Amino acid sequence: MALNAVTTHKLRSALTLLGVMVGVFSIIVVMTAMRVLQSNIESSLADLGANTFAIQKWPAVYFGGPDGFEKFWRRKPLTMYHYNLLREKATLAKNIGVEGDLWAGEVSSKYGRTPPNVPLMGAAPGNFPAKNWEIDQGRALLQSDIDSLRDVCVIAAKLSEALFPYGSPVGEKIKLDGINYTVVGVLKGHGLSMGGNQDNFAVIPMTTGLTRYGRAWWSWTLLIQANGSGDAYQDTVEQVRGILRAARKVPAWKDDDFEVFSNDSLISQFQQFTFSVRIGVLVVSSIALLAAGIGIMNIMLVSVTERTREIGIRRAIGAKKRNIMTQFIMEAIVLCEVGGLAGVALGVAGGNVAAYFFKVPPIIPFDWIAIGLGICSLVGIIFGTYPAVKAANLDPIESLRYE
Amino acid sequence: MRIATELREGLVISLSALRANKLRSALTTLGIVVGIVTVTLMGTAIQGLNGAFKKSISSLGSDVLYVQRMGWFINTYEEWIRAQRRKEITIDQVKALSKQLTLAKAVAPVAQGRSPARYKNRSSGAVFIIGTTEDFLQLSGVSVGEGRFFTEGESDGGRPVVVIGSQVATNLFQKEVPVGKTLKLGGVGLEVVGVLESQGRFLGAFSMDNMVIIPYRKFTGNFRGRPDYEIRIKAVSVDKMPDLEEEVRGLLRKIRHVHAGLEDDFAINKQEQFLETFHKVGGTIASVGLFITGLSLFVGGIGIMNIMFVSVAERTREIGIRKAIGAKRRTILIQFLTEAAAICLLGGLIGIAIAWPITMVIDRFLPSQLSISIMSIAIGVSLVTGVISGFFPAWRAARMNPVDALRSE
């Protein structure tokens, strides 16, 4: 019966639907776009391997004035000394690595050159498992490369393609910052989905890098991979913290003078920072749905007035108040749901335009679709109730007599 | 004359129609009110942000260049790594540059540091230290409130004098007169010769009053021997800025021995960069915000259109009668358009009345005011919404065949 009423007034229903559709669209499009942005940032934050955590002097995400900044600035750097110390003492760790950005610029080989935006990183053998770097050709860096400061490098997939378009780069030489390095290995690509220049870098032994780019105050990132998740992971974190606190002479009552973070902690930190933004955006975008709800109520009231006679007849032949009420609320909900579905479809499509721009895979936020449709029914119920109550309370005799 | 009469008549009829369906009119208006309130608030917030930003960066000065090792806006990580490896700007380079510049009114080296300050038993957390010359006064927006700035002699001689920011003055000296007293900056005794006037916060985060200014010679003597200087250069006039920038670039490349073909190993920063970045980011935020809030106004407009269609359908007979006794299409059109516009205008006015107290609340967090321009835009937008969404129903009413209309139930 509800559907029947909706179809008899095509134009009126279409306009009401349009209102709900725009309301739902505004929620879904914003939430999809936010989700896309979020997954874009998260995928670039989360580049650590399984059960791996990183230790840095600086926090990964920092929002605050320069006054709080000083606390981090005063910290002593994390150096190769700490790396060697951990290798010696951290018995629970499976792999230990050290990473530092040394330089960025143009890389050239006999066959090609790149734009001047290729980062050069210093690393240790432990970085390869800790950062999920898989070897495609050749080999990874070895401890002997580190110990004897060899001029060797491992290059990422995209860089390898740019420099050696025709054959295998292993054994060839590349030039970075005027110095020749022998390529010993090529990393597997992660694909474009990770965005940006993920597969565009070169790695040399950290010790080799230090001889050329070392600065006393530079601080490096330590990477530690635990033997397993859960307790094994927690134990490893505690052991490493203990070693570093002792080495850096942090008194027992003071906080760590370094930051420990993992993929999960990075992502949860990021979500905390963006929580209030998301709530604000949700509120602003729901206002359109409120306006749509008012429109529904208005049209339902009109519908009740117009069908006064029909209601009178139904009451006269035995329909209960409850039946009349259900009929009108159902009509409102049907209107809302159909509009809501259309809005969801449009919103997901619109939000994924952002995904197209950021070159990340499209996202369908099922939870927000459910929430959006839920809010829709809620709007239908809330704004349909008053007209329905009004219809149900009509005096059957009066309404039969109505015009 | 005819049109005026028709307008007046349309207005009378539409007002009485609105009064006849009070609940319906109220709900329709409410839809528009919601839309107008959100759009107005969004507009006010955007305007407030804009204003706060412009006020904040005006202290940078539109005729001052900030030559630094690093650019203010570094877009990629690779760029940052490369900039990180540039050599420091030394005092000899500053001196060589200031000797050769022809388009500059004033040049000052600025070295920066941080240190806690003490006076008697009171101490403040780390204050921002600026080591510079007497020319600094001309180059930055600061002005001296009490006492004086240090002189050329004091600057060149590295005398133990200090000019303090207003926040430092109130924190350390409270009710005492600071000028003539000696404070300790990281263990170094310095005589206060002047107190700066309050400058507020930069971009709402960084207080510019929590700083002290000392002669650069004193800075290199007691705080950091070879700091990375920033060079502030004021142009003789604003229109000479591009020329000055080129002159600085050419001279500094020569002074820092940058080979032809290599990129600059320094960055020339200016206020405009802030404006550009802000317009890019702020423009996106503003358009997204207005789009989202505009959607609710759009929904309100749809509600009006819907109700107007109902209203036209209900009054088919009335329209038929009016047409039969000689009303023109235009008259009917105007009648319904006026009805829609009246609803919207009323909605717009109520919307502004609601938005006004809310802006006062916002004002506490972000200086913002409901400006006349936003108010008139809101009213204009509501009127346009009414006319647009009222047009189709009105058009349908106007085109009705009087015979059919009269026959309808």
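Just one of the listed residues (B:Leu337, B:Leu345) is under 34 Å from the mean Cα position of the chain (by Cα), closer than 19 Å to B:Lys22 by Cα and in a helix (DSSP H, G or I), and it is B:Leu345.
Close contacts from the range A:217-228, counting a first residue that is closer than 20 Å to A:Tyr81 by Cβ and a second that is among the hydroxyl-bearing types (Ser, Thr, Tyr), with Cβ to Cβ under 9 Å and a gap of 6+ residues or different chains, come to A:Trp218/A:Thr79; A:Ser219/A:Thr79; A:Trp220/A:Thr79; A:Trp220/A:Tyr83; A:Leu222/A:Tyr83; A:Leu223/A:Thr52; A:Ile224/A:Thr52; A:Ile224/A:Thr236. Note on the range A:147-182: among residues that are closer than 17 Å to A:Asp101 by Cβ and in a loop (DSSP other than H, G, I, E, B), the one that is modelled with the highest pLDDT is A:Ala156. Within the range B:385-402, being free of Cβ contacts under 8 Å to residues at least 12 places away in the same chain and not polar (S, T, N, Q) holds for no residue. When restricted to residues that are assigned to a helix (DSSP H, G or I), farther than 30 Å from B:Thr293 by Cα and either modelled with pLDDT of 85 or more or not hydrophobic (A, V, I, L, M, F, W, C) (or both), the range A:15-70 contains 6. Determine which member of the set B:Ile292, B:Ile325, B:Ile352 is aliphatic (A, V, I, L, M), away from every other protein chain (no Cβ under 12 Å) and crowded, with 17+ Cβ neighbours inside 10 Å. So the residue among B:Ile292, B:Ile325, B:Ile352 that is aliphatic (A, V, I, L, M), away from every other protein chain (no Cβ under 12 Å) and crowded, with 17+ Cβ neighbours inside 10 Å is B:Ile352. If the condition is being small (Gly, Ala, Ser), closer than 30 Å to A:Glu306 by Cβ and outside any helix (DSSP H, G or I), then the range B:361-409 contributes only B:Ser408. Of the numbered criteria (1) touching a residue at least 12 places away in the same chain (Cβ under 8 Å); (2) not in a strand (DSSP E or B), the one A:Gln234 fails is (1).
Residues of the range B:320-334 that are aliphatic (A, V, I, L, M), more than 24 Å from B:Thr385 (Cα to Cα) and part of a helix (DSSP H, G or I): B:Ile321, B:Ala324. Once the range B:19-53 is narrowed to residues that are surrounded by fewer than 17 Cβ atoms within 10 Å (Cβ to Cβ) and within 13 Å of chain A (Cβ to nearest Cβ), the residue that is nearest to B:Met305 (Cα to Cα) is B:Ala26. Can you name the strands (runs of 3 or more DSSP E) wholly within the range B:58-174 that have at least 1 residues being surrounded by 17 or more Cβ atoms within 10 Å (Cβ to Cβ) and touching a residue at least 60 places away in the same chain (Cβ under 8 Å)? Per the criteria, B:64-68, B:104-119, B:122-132. One residue stands out in the range A:86-118 among those that are surrounded by 14 or more Cβ atoms within 10 Å (Cβ to Cβ) and either in a helix (DSSP H, G or I) or of a type in the set (Val, Ile, Thr) (or both): the one that is nearest to the other protein chains (Cβ to nearest Cβ), namely A:Val118. Scanning the range B:49-70 for residues that are farther than 21 Å from B:Gly141 by Cα and not assigned by TED's automatic domain parsing to the domain that holds B:Gly282 returns B:Arg69, B:Met70.
When only residues in the range B:262-283 that are among the β-branched types (Val, Ile, Thr) and at pLDDT below 85 count, which is nearest to B:Leu65 (Cα to Cα)?
Of everything passing the filter in the range B:262-283, B:Thr277 is nearest to B:Leu65 (Cα to Cα).
Among the residues of the range A:287-311, those that are farther than 18 Å from B:Ile307 by Cα and either surrounded by 19 or more Cβ atoms within 10 Å (Cβ to Cβ) or at the interface with chain B (Cβ under 8 Å from one of its Cβ atoms) (or both) comprise A:Ile287, A:Ile311. Looking across the range B:259-297 at every residue that is part of a helix (DSSP H, G or I) and β-branched (Val, Ile, Thr), the one that is nearest to B:Glu230 (Cα to Cα) is identified as B:Thr277. From the list B:Phe336, B:Phe309, the lone residue that is touching a residue at least 12 places away in the same chain (Cβ under 8 Å) and more than 14 Å from every other protein chain (Cβ to nearest Cβ) is B:Phe336.
Of all residues in the range B:254-287, those satisfying the criterion of being surrounded by 15 or more Cβ atoms within 10 Å (Cβ to Cβ) and either free of Cβ contacts under 8 Å to residues at least 24 places away in the same chain or closer than 25 Å to A:Ala291 by Cα (or both) are B:Val258, B:Ala286. Restricting the first member to the range B:206-231 and to residues that are within 14 Å of another protein chain (Cβ to nearest Cβ), and the second to residues that are part of a loop (DSSP other than H, G, I, E, B) and of a type in the set (Phe, Trp, Tyr), no beta-carbon pair is closer than 6 Å while six or more apart or on different chains.
The values are calculated or read from the model by the stated rules, or taken from the named source; none is laboratory data. Worth saying up front: this structure is predicted, and the values here are computed from it rather than measured. Cβ atoms come from the backbone with ideal geometry, glycine included; neighbour counts cover every protein chain shown.
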